[in-house]
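The values are calculated or read from the model by the stated rules, or taken from the named source; none is laboratory data. Model, not experiment: these values are computed from the prediction. Cβ sites come from the backbone with ideal geometry, for glycine too, and all protein chains shown count toward neighbours.
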Amino acid sequence: MNLISPVIIAVVYIALCSLLPEPTRQKFNALMIAGAGAVYTSGGGMGAWELAFTAVLTFCAYKGLTDYRWIGLAWLLHTAWDVVHHVKGAPIIPAFAHSSLGCALCDPILAVWMFRGAPAIQTWLTPKRVAV
(Lines give C-alpha, C1' and ligand atoms only; values in the text may rest on other atoms or scores of the structure.)
Protein backbone atom coordinates (compact mmCIF):
# COMPACT_ATOMS: atom_id res chain seq x y z
CA MET A 1 0.00 0.00 0.00
CA ASN A 2 1.30 3.42 -0.81
CA LEU A 3 0.62 6.48 1.30
CA ILE A 4 -1.04 8.43 -1.52
CA SER A 5 -4.02 6.10 -2.04
CA PRO A 6 -5.76 6.97 1.26
CA VAL A 7 -5.40 10.69 0.48
CA ILE A 8 -6.87 10.16 -2.99
CA ILE A 9 -9.76 8.17 -1.50
CA ALA A 10 -10.49 10.99 0.97
CA VAL A 11 -10.41 13.65 -1.76
CA VAL A 12 -12.69 11.59 -4.03
CA TYR A 13 -15.11 11.02 -1.13
CA ILE A 14 -15.16 14.76 -0.37
CA ALA A 15 -15.66 15.62 -4.04
CA LEU A 16 -18.56 13.19 -4.41
CA CYS A 17 -20.18 14.29 -1.15
CA SER A 18 -19.84 17.88 -2.32
CA LEU A 19 -22.41 17.07 -5.00
CA LEU A 20 -25.01 16.54 -2.28
CA PRO A 21 -26.90 19.64 -1.18
CA GLU A 22 -27.24 20.51 2.49
CA PRO A 23 -28.75 19.14 4.70
CA THR A 24 -28.57 15.90 2.71
CA ARG A 25 -24.75 16.02 2.83
CA GLN A 26 -24.76 16.18 6.62
CA LYS A 27 -27.31 13.38 7.01
CA PHE A 28 -25.40 11.19 4.54
CA ASN A 29 -22.11 11.72 6.41
CA ALA A 30 -23.76 10.90 9.73
CA LEU A 31 -25.03 7.67 8.19
CA MET A 32 -21.58 6.86 6.76
CA ILE A 33 -19.79 7.24 10.09
CA ALA A 34 -22.44 5.12 11.80
CA GLY A 35 -21.67 2.40 9.27
CA ALA A 36 -17.93 2.90 9.63
CA GLY A 37 -18.32 2.32 13.35
CA ALA A 38 -19.63 -1.17 12.71
CA VAL A 39 -17.13 -2.40 10.11
CA TYR A 40 -14.93 -4.26 12.57
CA THR A 41 -17.74 -6.08 14.40
CA SER A 42 -17.58 -9.10 12.11
CA GLY A 43 -14.14 -10.11 13.28
CA GLY A 44 -12.05 -7.15 14.27
CA GLY A 45 -10.44 -9.11 17.05
CA MET A 46 -11.38 -6.88 19.99
CA GLY A 47 -14.35 -8.89 21.23
CA ALA A 48 -17.01 -6.96 23.13
CA TRP A 49 -15.00 -3.74 22.69
CA GLU A 50 -16.08 -3.80 19.04
CA LEU A 51 -19.71 -3.47 20.13
CA ALA A 52 -18.89 -0.72 22.62
CA PHE A 53 -17.02 1.19 19.91
CA THR A 54 -19.96 0.79 17.54
CA ALA A 55 -22.27 2.22 20.21
CA VAL A 56 -19.99 5.24 20.72
CA LEU A 57 -19.81 5.98 17.00
CA THR A 58 -23.57 5.48 16.64
CA PHE A 59 -24.07 8.10 19.36
CA CYS A 60 -21.67 10.47 17.58
CA ALA A 61 -23.49 9.86 14.29
CA TYR A 62 -26.82 10.67 15.91
CA LYS A 63 -25.45 13.92 17.33
CA GLY A 64 -23.85 14.55 13.94
CA LEU A 65 -27.27 14.77 12.32
CA THR A 66 -27.33 18.36 13.58
CA ASP A 67 -23.66 19.19 14.22
CA TYR A 68 -20.74 18.32 11.93
CA ARG A 69 -18.30 18.46 14.85
CA TRP A 70 -19.69 15.18 16.15
CA ILE A 71 -19.04 13.54 12.78
CA GLY A 72 -15.49 14.93 12.86
CA LEU A 73 -14.96 13.53 16.35
CA ALA A 74 -16.29 10.17 15.21
CA TRP A 75 -13.79 10.07 12.32
CA LEU A 76 -10.96 10.79 14.76
CA LEU A 77 -12.17 8.01 17.05
CA HIS A 78 -12.32 5.71 14.03
CA THR A 79 -8.74 6.70 13.20
CA ALA A 80 -7.61 5.61 16.66
CA TRP A 81 -9.53 2.33 16.30
CA ASP A 82 -7.87 1.75 12.91
CA VAL A 83 -4.45 2.19 14.52
CA VAL A 84 -5.33 -0.30 17.26
CA HIS A 85 -6.41 -2.84 14.66
CA HIS A 86 -3.33 -2.25 12.53
CA VAL A 87 -1.00 -2.76 15.50
CA LYS A 88 -2.90 -5.87 16.58
CA GLY A 89 -2.79 -7.28 13.04
CA ALA A 90 -6.58 -7.37 12.58
CA PRO A 91 -7.08 -5.25 9.44
CA ILE A 92 -10.42 -3.86 8.29
CA ILE A 93 -10.09 -5.91 5.08
CA PRO A 94 -8.40 -9.19 6.01
CA ALA A 95 -7.06 -9.73 2.48
CA PHE A 96 -5.14 -6.44 2.70
CA ALA A 97 -2.81 -6.42 5.69
CA HIS A 98 -2.36 -2.63 5.68
CA SER A 99 -6.00 -1.67 5.06
CA SER A 100 -6.47 -0.36 8.61
CA LEU A 101 -3.35 1.76 8.25
CA GLY A 102 -4.75 3.20 5.02
CA CYS A 103 -8.03 3.91 6.76
CA ALA A 104 -6.12 5.61 9.59
CA LEU A 105 -4.53 7.93 7.02
CA CYS A 106 -7.80 8.68 5.20
CA ASP A 107 -10.05 9.27 8.22
CA PRO A 108 -8.33 12.36 9.69
CA ILE A 109 -8.69 14.12 6.34
CA LEU A 110 -12.42 13.49 6.52
CA ALA A 111 -12.43 14.65 10.15
CA VAL A 112 -10.82 17.98 9.25
CA TRP A 113 -13.39 18.46 6.49
CA MET A 114 -16.20 17.76 8.96
CA PHE A 115 -14.76 20.16 11.54
CA ARG A 116 -14.78 22.83 8.81
CA GLY A 117 -18.50 22.17 8.27
CA ALA A 118 -18.00 19.93 5.20
CA PRO A 119 -17.98 22.76 2.67
CA ALA A 120 -18.57 21.81 -0.95
CA ILE A 121 -15.25 21.39 -2.74
CA GLN A 122 -16.50 23.82 -5.39
CA THR A 123 -16.29 26.61 -2.80
CA TRP A 124 -12.58 25.91 -2.37
CA LEU A 125 -11.96 26.41 -6.06
CA THR A 126 -14.08 29.52 -6.52
CA PRO A 127 -12.29 32.81 -5.83
CA LYS A 128 -13.96 34.86 -3.13
CA ARG A 129 -15.28 38.22 -4.18
CA VAL A 130 -14.29 41.15 -2.06
CA ALA A 131 -16.86 43.90 -1.65
CA VAL A 132 -15.57 47.38 -2.48
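Residue check: is residue 12 free of Cβ contacts under 8 Å to residues at least 60 places away in the same chain and more than 25 Å from residue 121 (Cα to Cα)?
In short, no.
Does residue 90 satisfy the criteria of being touching a Leu at 6+ places or on another chain (Cβ under 9 Å) and either of a type in the set (Gly, Ala, Ser) or not in a helix (DSSP H, G or I) (or both)?
Judged against the criteria, residue 90 is not a match.
Name the residues in the range 93-132 that are β-branched (Val, Ile, Thr), part of a helix (DSSP H, G or I) and over 14 Å from the mean Cα position of the chain (by Cα), would you?
Result: 121, 123.
Under 18 Å from residue 25 (Cβ atoms), among the β-branched types (Val, Ile, Thr) and outside any helix (DSSP H, G or I): does that describe residue 41?
No, not satisfied.
So residue 61 passes all but one of these: (1) part of a loop (DSSP other than H, G, I, E, B); (2) over 26 Å from residue 4 (Cβ atoms). Which condition number does it fail?
With (1) part of a loop (DSSP other than H, G, I, E, B); (2) over 26 Å from residue 4 (Cβ atoms) applied to residue 61, the lone miss is (1).
Quick check on the range 78-89: of everything there that is in contact (Cβ under 8 Å) with a residue 40 or more places away in the chain and crowded, with 16+ Cβ neighbours inside 10 Å, which residue is farthest from the chain's Cα centre (by Cα)?
Ranking the qualifying residues of the range 78-89, first place goes to 85.
So residue 63 passes all but one of these: (1) closer than 20 Å to residue 14 by Cα; (2) free of Cβ contacts under 8 Å to residues at least 24 places away in the same chain. Which condition number does it fail?
Answer for residue 63: the failing condition is (1).
What tally of residues in the range 1-29 results from selecting those that are in a helix (DSSP H, G or I), under 15 Å from residue 107 (Cβ atoms) and either hydrophobic (A, V, I, L, M, F, W, C) or over 12 Å from the mean Cα position of the chain (by Cα) (or both)?
Within the range 1-29, residues that are in a helix (DSSP H, G or I), under 15 Å from residue 107 (Cβ atoms) and either hydrophobic (A, V, I, L, M, F, W, C) or over 12 Å from the mean Cα position of the chain (by Cα) (or both) number 9.
Just one of (1) of a type in the set (Phe, Trp, Tyr); (2) at pLDDT 95 or above; (3) crowded, with 20+ Cβ neighbours inside 10 Å trips up residue 62, so point out which.
Evaluating residue 62 over (1) of a type in the set (Phe, Trp, Tyr); (2) at pLDDT 95 or above; (3) crowded, with 20+ Cβ neighbours inside 10 Å leaves (3) as the failure.
I'd like to check something: does the range 31-42 contain any residue that is more than 19 Å from residue 118 (Cα to Cα), surrounded by 13 or more Cβ atoms within 10 Å (Cβ to Cβ) and hydrophobic (A, V, I, L, M, F, W, C)?
Within the range 31-42, one or more residues are more than 19 Å from residue 118 (Cα to Cα), surrounded by 13 or more Cβ atoms within 10 Å (Cβ to Cβ) and hydrophobic (A, V, I, L, M, F, W, C).
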